[in-house]
Amino acid sequence: MAAQVHRILSNGKALMLAYDHGFEHGPKDFNVKTIDPSFVFDVALEAGFTGIVVHAGVAEKYYNTFYRDVPLIVKLNGHTRLGVKPLISSQVCSVERAIKLGADAVGYTIYPGSHEEHEMLEEAASVIEKAHDYGLPVILWSYPRGNGIDELNTDVIAYAARLGLELGADFVKLKYNHDREGFKWVVKSAGRAKVLVAGGERVVDEEFLSFVKEALSIGVSGFVVGRNIFQNPRPFTIGKLLRALVIEGKPFETVLERLHNA
């Protein structure tokens, strides 16, 4: 059965709000408003994101009623920041449970180059096969990590992109290194797996929107953004501006003008 990728696309682009940080980073990334998943679901709904990424427990307790207008991406594996920097991300949710929760897609992280990559590659391949049996798209977080690996080297990122294609992922989420010409090779390396760019750490709005504009010009298929939305003092505003730029194809100058007039 073909994966139903159209579920998480609009005008051929994806714009996803990542909210898996509570598992991966702990509560420190949130404030008194954004610690409440309902608030972040409100942002995703009102700003028109094409998906929201959460772990199973959040989906089970908060993804209901009108929030179902926002496509759900359930993250199937994760790690904590307690202890040493992790080189493996363990599966914590099954494909079947994600489907029961109403998932439109599932996400899985691999760390190519780590000592434990063989475990994650084997598990990722199994997840992709099972998800595709149900017609469920898979987004692969492909983040090279390990001794001697430069995570932002263009050739390394291209390798991470190619792994997404070779494993059968429908989308591959990568870090963007601002190598505009080199990143075109990254996109080529992913083949028919659509490249999504990680939003990264919080930066000022103009810098973030410029980063999005630059990545779009290279041919990426979308973005998975977290901290630049829910750490923003105006998350609804920046979310809508991001949709205007990515999904609606509004000129950058128009979006910037709206930002300054908001």
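Would you point out the residue of the range 220-262, among those that are over 19 Å from L45 (Cβ atoms) and in contact with a strand residue (DSSP E or B) (Cβ under 7 Å, 6 or more places away or on another chain), that is surrounded by the fewest Cβ atoms within 10 Å (Cβ to Cβ)?
The residue in question is S221.
Exactly one of these conditions fails for S114: (1) without any contact (Cβ under 8 Å) to a residue 40 or more places away in the chain; (2) polar (S, T, N, Q); (3) out of contact with any Gly (no Cβ under 6 Å at 6 or more places or on another chain). Give me its number.
Among (1) without any contact (Cβ under 8 Å) to a residue 40 or more places away in the chain; (2) polar (S, T, N, Q); (3) out of contact with any Gly (no Cβ under 6 Å at 6 or more places or on another chain), the lone unmet condition for S114 is (3).
Do the conditions hold for V195, that is, is it among the hydrophobic types (A, V, I, L, M, F, W, C) and crowded, with 22+ Cβ neighbours inside 10 Å?
Criteria met by V195.
Pull out all pairs, ordered by first then second residue, where Cβ-Cβ is under 8 Å, the residues are six or more apart or on different chains, the first lies in the range 29-41 and is crowded, with 20+ Cβ neighbours inside 10 Å, and the second is of a type in the set (K, R).
Partner pairs satisfying both residue conditions: P37/K61.
Six or more apart or on different chains, Cβ under 9 Å: which pairs go from a residue in the range 43-71 that's in contact (Cβ under 8 Å) with a residue 12 or more places away in the chain and surrounded by fewer than 23 Cβ atoms within 10 Å (Cβ to Cβ) to one that's in a strand (DSSP E or B) and of a type in the set (K, R)? Could you list them?
H55/K75; A56/K75
Name every residue in the range 231-251 that is assigned to a helix (DSSP H, G or I) and over 16 Å from V203 (Cα atoms), in order of residue number.
Residues satisfying the conditions are F236, K240, R243, A244, L245, V246.
Any residue in the range 123-144 that is assigned to a helix (DSSP H, G or I) sitting within a Cβ distance under 7 Å of a residue that is polar (S, T, N, Q)? List the pairs, counting only those 6 or more apart or interchain.
Every condition considered, the pairs that remain are E123/Q91.
Taking L256, is it farther than 28 Å from H6 by Cβ and of a type in the set (A, V, I, L, M, F, W, C)? It would help to see each step written out before you state the result.
Working: farther than 28 Å from H6 by Cβ: yes; of a type in the set (A, V, I, L, M, F, W, C): yes.
When the stated conditions are applied, L256 passes them.
So T154 clears everything in (1) crowded, with 20+ Cβ neighbours inside 10 Å; (2) among the β-branched types (V, I, T); (3) in contact with a Gly (Cβ under 6 Å, 6 or more places away or on another chain) except one condition, right? Which one?
(1)
For the range 214-227, name all the residues that are closer than 16 Å to D179 by Cβ and of a type outside the set (A, V, I, L, M, F, W, C). Outline the logic, then answer.
Within the range 214-227, the subset closer than 16 Å to D179 by Cβ is 214-220.
Hits for the range 214-227 are E214, S217, G219.
A quick yes/no check of all residues on (1) of a type in the set (A, V, I, L, M); (2) more than 21 Å from L241 (Cα to Cα):
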site	(1), (2)
D20	no, yes
D29	no, yes
F39	no, no
F49	no, no
V58	yes, yes
Y67	no, no
L76	yes, yes
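Return yes when L82 is of a type in the set (A, V, I, L, M, F, W, C) and at pLDDT below 95 and no when it is not. Walk me through how you get there before you give the answer.
Details: of a type in the set (A, V, I, L, M, F, W, C): yes; at pLDDT below 95: yes.
In short, yes.
Looking at the range 187-211 only, could you name the residues that are within 21 Å of G226 (Cβ to Cβ) and in a helix (DSSP H, G or I)?
Scanning the range 187-211 gives D205, E206, E207, F208, L209, S210, F211.
The values are calculated or read from the model by the stated rules, or taken from the named source; none is laboratory data. Everything numeric here is computed off the predicted structure, so don't read it as measured data. Reconstructed Cβ throughout: ideal geometry from the backbone, glycine too, with neighbour counts over all protein chains shown.
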